[in-house]
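Everything on this sheet refers to the single structure shown next.
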Amino acid sequence: MDVREWIIGGGGEPMFRGELVMDMCKKIRALEMNGVVQSNGTLFKDEDLETFVRIGWDNLSISIDGPDAETNDTIRWRNSFDKMVTAIKKLNEYKRHYKADRPTINVACVVTSMNCDRIEYLVKMCDDLEIDGLTVNELYVHHEGMDQYVMSKEQMAALPAAARRAEETARRLDVPTNIPTFLETLGTCETRELPAAMPEHADDIS
C-alpha cells in the first residue's frame, strides 16, 4: 500500500504494551518506513530508548503538562515529571553515544488553567533538555470533571501576551514551536461536545 509513516498512540499510554510497541517499531524500520510514538514518557525502559536510537526511529512525541514537577505532577501524577525528564536525558545520551540525530523529540502540552502562565518556562525546559520542538494545544473539554482545567476569563485575556512572550523566547533559543498557529486558532475549539459523526459513515456504529 506504500504506507510511509506510522503514528503509534491510542486512547491511553501505548507503552503499557511496551513489548508489542517495540516489536512494531523494529518491523516498521526493517521495512524502511518511519513513525511517531506518542507517549507520556514515563514507562520507557533503557533498552527501549537504546533501540529507538539504534534502529533510527523517527520521532517521539512526549505529552507533558508543565515545565516543572509541581505543575506537571499536579495535573498528572506524582513523579511523572522526573520519570519523563530521566527518559529524555537517557535518550539524548544514547544519541550522543551512537552519533545519531534520531529520534527527534517533540513535547506536546495542553494549555489549561493550571499551566497557562508557564508556557515561556516550558520553552526554556525544551531548550535545557535538547528537545527538538514544542507543540501547545487548546483544551478540549469532552466529558464531565474537566471544569477545573478550563481557564477563567482573566486567564484567557492574559494568555495571548504570555504566549507571545513564549514565542519570542522560542525564537531566541531556536526552539521550533506552533505558538503562532495556536494564537491564530485560540478560542475556536468546541468545548462541550465531540464532533457529530458524519451520517454516511455512522450507520453501523453505536
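Quickly run through the stretch 59-114 and pick out the residues that are under 19 Å from GLU47 (Cβ atoms) and of a type in the set (Asp, Glu).
GLU93
Let's see how each residue does on (1) modelled with pLDDT of 95 or more; (2) of a type in the set (D, E, K, R):
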{"position": "THR51", "(1), (2)": "yes, no"}
{"position": "ASP58", "(1), (2)": "yes, yes"}
{"position": "ALA69", "(1), (2)": "no, no"}
{"position": "THR74", "(1), (2)": "no, no"}
{"position": "TRP77", "(1), (2)": "no, no"}
{"position": "LYS83", "(1), (2)": "yes, yes"}
{"position": "LYS89", "(1), (2)": "yes, yes"}
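Which residue out of VAL141, VAL110, VAL136 is modelled with pLDDT under 90 and open to solvent by less than 60 Å² (accessible area, probe 1.4 Å)?
VAL141
Given the options SER39, SER63, name the one that is open to solvent by less than 40 Å² (accessible area, probe 1.4 Å) and within 24 Å of VAL111 (Cα to Cα).
So the residue among SER39, SER63 that is open to solvent by less than 40 Å² (accessible area, probe 1.4 Å) and within 24 Å of VAL111 (Cα to Cα) is SER39.
Of everything in the stretch 113-133 that's assigned to a helix (DSSP H, G or I) and not charged (D, E, K, R), which residue is most open to solvent (accessible area, probe 1.4 Å)?
TYR121
On the given criteria, is ALA100 open to solvent by 10 Å² or more (accessible area, probe 1.4 Å), modelled with pLDDT of 95 or more, among the small types (Gly, Ala, Ser) and touching a Lys or Arg at 6+ places or on another chain (Cβ under 9 Å)?
yes
Which ones in the stretch 29-52 are in contact with a strand residue (DSSP E or B) (Cβ under 7 Å, 6 or more places away or on another chain), more than 14 Å from MET84 (Cβ to Cβ) and aliphatic (A, V, I, L, M)?
MET33, VAL36
Return the residue satisfying two criteria in turn: it lies in the stretch 144-175 and is assigned to a loop (DSSP other than H, G, I, E, B) and of a type in the set (Gly, Ala, Ser), and of such residues it is most open to solvent (accessible area, probe 1.4 Å).
Per the criteria, the residue is GLY145.
With respect to ASP46, determine if the residue is among the acidic types (Asp, Glu), touching a residue at least 12 places away in the same chain (Cβ under 8 Å) and open to solvent by less than 40 Å² (accessible area, probe 1.4 Å).
Answer is no for this residue.
Which residue pairs have Cβ atoms closer than 7 Å, lie 6 or more positions apart in sequence or on different chains, and pair a first residue in the stretch 9-23 that is within 13 Å of ASN40 (Cα to Cα) with a second residue that is hydroxyl-bearing (Ser, Thr, Tyr) and surrounded by 12 or more Cβ atoms within 10 Å (Cβ to Cβ)?
Matching pairs, first to second residue: GLU13/SER39; PRO14/SER39; MET15/SER39.
Could you tell me which residue of the stretch 16-32 is farthest from the chain's Cα centre (by Cα), considering only residues that are among the aliphatic types (A, V, I, L, M) and open to solvent by less than 20 Å² (accessible area, probe 1.4 Å)?
ILE28
Would you mention how many residues in the stretch 85-112 are in a loop (DSSP other than H, G, I, E, B) and on the phi < 0 side of the Ramachandran plot?
So the count comes out to 6.
The values are calculated or read from the model by the stated rules, or taken from the named source; none is laboratory data. Note that this is a predicted model, so its numbers are computed, not measured. Neighbour counts run over all protein chains shown; Cβ positions are idealised from the backbone, glycine included. To get the accessible areas, we keep the full protein, side chains included, count just its heavy atoms, and leave off ligands, DNA and RNA. Shrake-Rupley method; radii C 1.70, N 1.55, O 1.52, S 1.80 Å.
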